[in-house]
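All remarks here apply to the structure that follows.
The values are calculated or read from the model by the stated rules, or taken from the named source; none is laboratory data. Only a predicted model underlies this, so the values are computations on that prediction, with no experimental measurement involved. For neighbour counting, all protein chains shown are included, and Cβ atoms are generated from backbone atoms with ideal geometry for every residue, glycine included. In case anyone asks, the SASA skips ligands and DNA or RNA and just uses the protein heavy atoms, side chains included. Shrake-Rupley method; radii C 1.70, N 1.55, O 1.52, S 1.80 Å.
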Amino acid sequence: MAPARKTIMEQQLKVNMEKYTDKLIDAINDYKKDDGKHDVPIHGKSYSLVSTRIGYARRILGSLLDLKTTIIHHDDKKVIVQCDAYLADTHVSTGTAEELRSSSRINNTSALENAETSAVGRALAFLGFANDSVASAEEVSTAIEQQDRQLQTALQELEKVSHPGNYQAWLTNHKTMLQKIKTDNPIAYGKFQERFTELKSTLETKGAIQNGR
């Protein structure tokens, strides 16, 4: 390539990158203006959803932003996913996440999906789409869910319910704990609610409870 032509191409590339950088700054500023309106409260702190970060990024950057996820490791115990963010084919950030398959019921079947979501969220956070925390609401919620065995214990006890009296006692015993988690960690509570609905349906089929009671 002739030196003059090479210089022109380099100058054009520089101009394009400055334009893309301006768009990125606009997208980040747009996200910051949200001021946490779409954040999720978890244990007294606010965390943004990965979907919120993606929404603000795509709104201005559109297809200029390419999020490429790669499975770094997977076996019967854990999965690791890496997300690389590219702005107009230029690498701009990386996020990595690990999920243990045995850490929760959901991870038994969806560890890969959860790891991918967290990796994308972290890549966007490192790109600038974050407020006080790099971790996303999904990431923090999953970590708390893994540590908080109260939910798992409650579900295990629910599986053993054999008659309406047992069920009412179960509701009474766990009412305060469930209300607290519903307030402090709505994502974990939502995941619990999915399993609770499944078990409740099974109990009704077995005749252990009737009409949801």
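Hey, does the stretch 71-91 have a residue that's aliphatic (A, V, I, L, M), over 28 Å from Ile144 (Cα atoms) and in contact with a Leu (Cβ under 9 Å, 6 or more places away or on another chain)?
Residues of the stretch 71-91 aliphatic (A, V, I, L, M): 71-72, 79-81, 85, 87-88.
When the remaining residues are screened for being over 28 Å from Ile144 (Cα atoms), the result is 87-88.
Remaining after also requiring in contact with a Leu (Cβ under 9 Å, 6 or more places away or on another chain): 87-88.
Yes, the stretch 71-91 contains at least one residue that is aliphatic (A, V, I, L, M), over 28 Å from Ile144 (Cα atoms) and in contact with a Leu (Cβ under 9 Å, 6 or more places away or on another chain).
For the stretch 25-53, what are the residues that are assigned to a helix (DSSP H, G or I), touching a helix residue (DSSP H, G or I) at 6+ places or on another chain (Cβ under 7 Å) and either among the polar types (S, T, N, Q) or surrounded by 14 or more Cβ atoms within 10 Å (Cβ to Cβ) (or both)? If you could, list the steps in order and put the result at the bottom.
Step one: list which residues in the stretch 25-53 are assigned to a helix (DSSP H, G or I), which gives 25-33, 50-53.
Now restrict to residues that are touching a helix residue (DSSP H, G or I) at 6+ places or on another chain (Cβ under 7 Å): 26-27, 30-31, 50, 53.
Listed by number, the residues that qualify are Ala27, Asp30, Tyr31, Val50, Arg53.
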>> I'm trying to understand the selection: among the residues of the stretch 158-182, which are open to solvent by 40 Å² or more (accessible area, probe 1.4 Å), closer than 29 Å to Ala115 by Cα and touching a residue at least 40 places away in the same chain (Cβ under 8 Å)?
In response: Glu159
>> Could you check the stretch 57-77 and list, in sequence order, the residues that are touching an Asp or Glu at 6+ places or on another chain (Cβ under 7 Å) and at pLDDT below 95?
In response: Arg59, Ile60
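Is it true that some residue in the stretch 77-90 is open to solvent by 80 Å² or more (accessible area, probe 1.4 Å) and either over 28 Å from Gly62 (Cα atoms) or in contact (Cβ under 8 Å) with a residue 40 or more places away in the chain (or both)? It would help to see each step written out before you state the result.
Keep residues of the stretch 77-90 that are open to solvent by 80 Å² or more (accessible area, probe 1.4 Å), which gives 77, 89.
Checking which are either over 28 Å from Gly62 (Cα atoms) or in contact (Cβ under 8 Å) with a residue 40 or more places away in the chain (or both) leaves us with 77.
Taking every residue of the stretch 77-90 in turn, at least one turns out to be open to solvent by 80 Å² or more (accessible area, probe 1.4 Å) and either over 28 Å from Gly62 (Cα atoms) or in contact (Cβ under 8 Å) with a residue 40 or more places away in the chain (or both).
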> Mind checking whether some residue in the stretch 140-157 is farther than 28 Å from Leu112 by Cβ, more than 17 Å from the chain's Cα centre (by Cα), open to solvent by less than 30 Å² (accessible area, probe 1.4 Å) and not hydroxyl-bearing (Ser, Thr, Tyr)?
Replying inline: no
>> Condition first: within 10 Å of the chain's Cα centre (by Cα) and not hydroxyl-bearing (Ser, Thr, Tyr). Now tell me which residues in the stretch 105-132 satisfy that.
In response: Glu113, Asn114, Ala115, Glu116, Ala119, Val120, Gly121, Arg122
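Would you please name the residue that is nearest to Gln152 (Cα to Cα), looking only at residues in the stretch 183-197 that are open to solvent by less than 100 Å² (accessible area, probe 1.4 Å) and out of contact with any strand residue (DSSP E or B) (no Cβ under 9 Å at 6 or more places or on another chain)?
Initial filter on the stretch 183-197 (open to solvent by less than 100 Å² (accessible area, probe 1.4 Å)): 183-193, 195-197.
When the remaining residues are screened for being out of contact with any strand residue (DSSP E or B) (no Cβ under 9 Å at 6 or more places or on another chain), the result is 189-193, 195-197.
Details: Tyr189: 11, Gly190: 13, Lys191: 11, Phe192: 8, Gln193: 12, Arg195: 10, Phe196: 11, Thr197: 14 Å.
Going through the qualifying residues, I end up with Phe192.
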> Quick one: which of Ala135, Ala208, Ala188 is part of a helix (DSSP H, G or I) and touching a residue at least 12 places away in the same chain (Cβ under 8 Å)?
Replying inline: Ala188
> So which residues in the stretch 96-114 are out of contact with any helix residue (DSSP H, G or I) (no Cβ under 9 Å at 6 or more places or on another chain) and open to solvent by less than 40 Å² (accessible area, probe 1.4 Å)?
Replying inline: Ser110, Ala111
